[in-house]
1. Hey, what do the phi angles of segment B:80-87 turn into as Karplus ³J(HN,Hα) couplings, whole Hz, using 6.51/-1.76/1.60 and θ = phi - 60°, x for Gly and Pro?
2. Going from the alpha-carbon gyration tensor of the protein assembly as shown, what semi-axes, largest first and in whole Å, does one get by taking the root of 5 times each eigenvalue?
3. Arrange the peptides B:21-29, B:307-315, B:231-239 so that the one whose residues have, on average, the most other Cβ atoms within 10 Å appears first.
4. What ranking of A:I206, B:I169, B:I162 emerges when the number of other C-beta atoms within 10 Å of each C-beta is taken as an exposure proxy, fewest first?
5. Quick one: what are the phi-derived ³J(HN,Hα) couplings along segment A:164-175, Karplus 6.51/-1.76/1.60 with θ = phi - 60°, whole Hz, x for glycine and proline?
6. In the structure shown, do any of A:K5/A:K40; A:K40/A:K219; A:K169/A:K213; A:K5/A:K231; A:K219/A:K245 have a Cα-Cα gap over 21 Å, and if so which?
7. So if we plug the beta-carbon distance of A:K5 and A:S230 into 1/(1 + (r/R0)^6) with R0 = 25 Å, what FRET efficiency do we get, rounded to 0.05?
8. Over segment B:46-324, with a single point scatterer placed on each C-alpha, what log10 of the ratio I(q)/I(0) does the Debye formula yield at q = 0.08, 0.10, 0.13, 0.15 1/Å?
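Readers should treat all values here as calculations from the given coordinates under stated rules, not as data from a laboratory. Fair warning: this is a prediction, and the values are worked out from it, not measured in the lab. For neighbour counting, all protein chains shown are included, and Cβ atoms are generated from backbone atoms with ideal geometry for every residue, glycine included.
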Amino acid sequence: MIELKNLRQNYGSRTVVDVDALTLPEGGLTSIIGPNGAGKSSLLGMIAGLQRPTRGQVILDGQDILRMPRNRFARRLAVLRQDNSINARLTVRDLVGFGRYPHSRGRLNACDVRHIAHAIKLVALEEYQHSFLDEMSGGQRQRAFIAMVLAQNTEYALFDEPLNSLDIKHAVGIMQLLRRAVDQHGKTAIVVLHDLNFAARHSDRIIAMRDGKIIADGKPENVITTDVLSKIYDMKLNVLKQQNKQIVDVFGK
Amino acid sequence: MTGSIAADEPGLRAMPVWQPVLALALLALLAVASLLVGSGGIGLSALLNDPASAKLFLVSRLPRTLALLLAGTASAITGLIMQRLVQNRFVEPSTMGTVDAACLGLLLGVIFLPDAAPLTRMAMAAVASWLGTVLFLLVLRAMPRRNALMPPLLGIAYGGVIGAISAFIAWQTGLMQALGAWTTADFSIVLSGRYELLYVAAGVTALAWFAADRFTLAGLGDDIASSVGLNPRRVLALGVSIVAVTAGSIVVTVGFIPFLGLIVPNLVSRRVGDNLRTALPMVAWLGATVTLACDILGRLVFYPFELPIGATMGVLGAAVFLFLLLKRHPR
């Protein structure tokens, strides 16, 4: 279980995240939605221990994550950040292999190799596994980074806009993949999403943010409503129902 | 994506066995040539029968060849490490103040501790180059990073400032000639007893093999490195230490070889990528090979006179560097 206590992040005098309390229990797919600059990425960065909060704590199973040995933490929680422009010429396999680093410390055993091959298969990059990332399309590169997180095989996996530059088929594929990881393997996925329909369809819980604060938090049917959405986006969005799921008419009025 | 295009793996990893064998054979051939070529020609029979030839061989040729191998390998590897750690293809110890700082440290050592043992001098050069490199990295962190050419340009300017300080001190103390020798590699001065510190450089760069994954990961950025449990600052400190000690020992013994740390890792990267596990052996090999070839060329062009390796490497390096600049990868 991850608990956030009085978590706050300031950039200069501007407060970008201000969350009094939030509990993320094990299991389930939680989406974080909100407009640009709502503090979603900063929140995710703090939960992943990649940026230090100005104030407050992130607690994983009773322990402040900043006090945990980094390597042990990396065996429990993996993160995909939003901006993954790397300057190195690596093959897909090299990159995904580094997802095993917390377990192998660089010496890959048969089990690591199985995890790597499986992760590459899950994102359908088998035929490109020996290609260099800098010679691939943006969507293929994004899938390689997702595979790296999957190979890390942690209880918690955080994704910041994982559907960036994916075509519709692969976007749906990735969300179904996360759904399966949650349903069949008991993983916990926390995903920042911009596409409200993807969030509504695949999440167990949705957290809506604006100006660093949590505006709404609950089941998709309670968060994906015209009322809540107009509060966070300043825009009236029609919500339709289809097969008992919310569909947002994203064209507004 | 599901269509089963026969899993015909592009032959990147499946390097045929004959390639490393051929590579090592070429290196061995160059090493033998380096042992035999010079103003005092040594034939194989003379080596066995003539004591003067044998002495020349043991005191000069053999140390020179070993020094070329050690310095070539170590310089190329330091270039590779810095390029990963700074995440920039165009930096190497001579384009980021490391070498200039080492020279300044050595100069101060000569002035204040004139009787110091070579190992002490090397240590002073290494400490100064460590400080100089760290200061450069701090300056670089404070800069916006838009253009790939900014770090090397900044580094060259920064190195120039340190070099100017050194030149001023050297001029005041009559050490201009010594300063010149440290910054331009010349292997004709290598004699037995005057190059052995290079084994320190070789030993330290060999450490890079054990930290190869850490350097590759650090080269993917702080976020990715720490998300798999690495402390990027510690990796940076390790890398800078390896580079500083290496630069120190090379400057003390033979002088720094220009361009080598820049062109060798870039050429290797184009072929096998930047995963240090794969690239490191090739960088070591190519570094040694290019250094030997350039030195032998320098001995032959105006035979029986010699061109220092700085000159031959400068010409070759500049050409390869231009090629690399013009044929950059899109990203």
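1. Per residue, the Karplus-derived 3J(HN,Hα) values read 4, 4, 5, 4, 5, 5, 8, 6 Hz.
2. Over the Cα atoms of the protein assembly as shown, the ellipsoid semi-axes are 55, 26, 19 Å.
3. Numbers: B:21-29: 12.4, B:307-315: 20.8, B:231-239: 17.2.
In decreasing order of mean packing, B:21-29, B:307-315, B:231-239 become B:307-315, B:231-239, B:21-29.
4. Details: A:I206 25, B:I169 16, B:I162 22.
In order of increasing Cβ crowding within 10 Å: B:I169, B:I162, A:I206.
5. Calculated HN-Hα couplings, in order: 3, 6, 8, 6, 4, 5, 6, 4, 4, x, 5, 5 Hz.
6. Working: A:K5/A:K40 16 Å; A:K40/A:K219 18 Å; A:K169/A:K213 33 Å; A:K5/A:K231 24 Å; A:K219/A:K245 11 Å.
Listed pairs above 21 Å: A:K169/A:K213; A:K5/A:K231.
7. Working: r = 30 Å, r/R0 = 1.21.
In this case the efficiency is close to 0.25.
8. Results for segment B:46-324 at q = 0.08, 0.10, 0.13, 0.15 Å⁻¹ read -0.32, -0.50, -0.83, -1.10.
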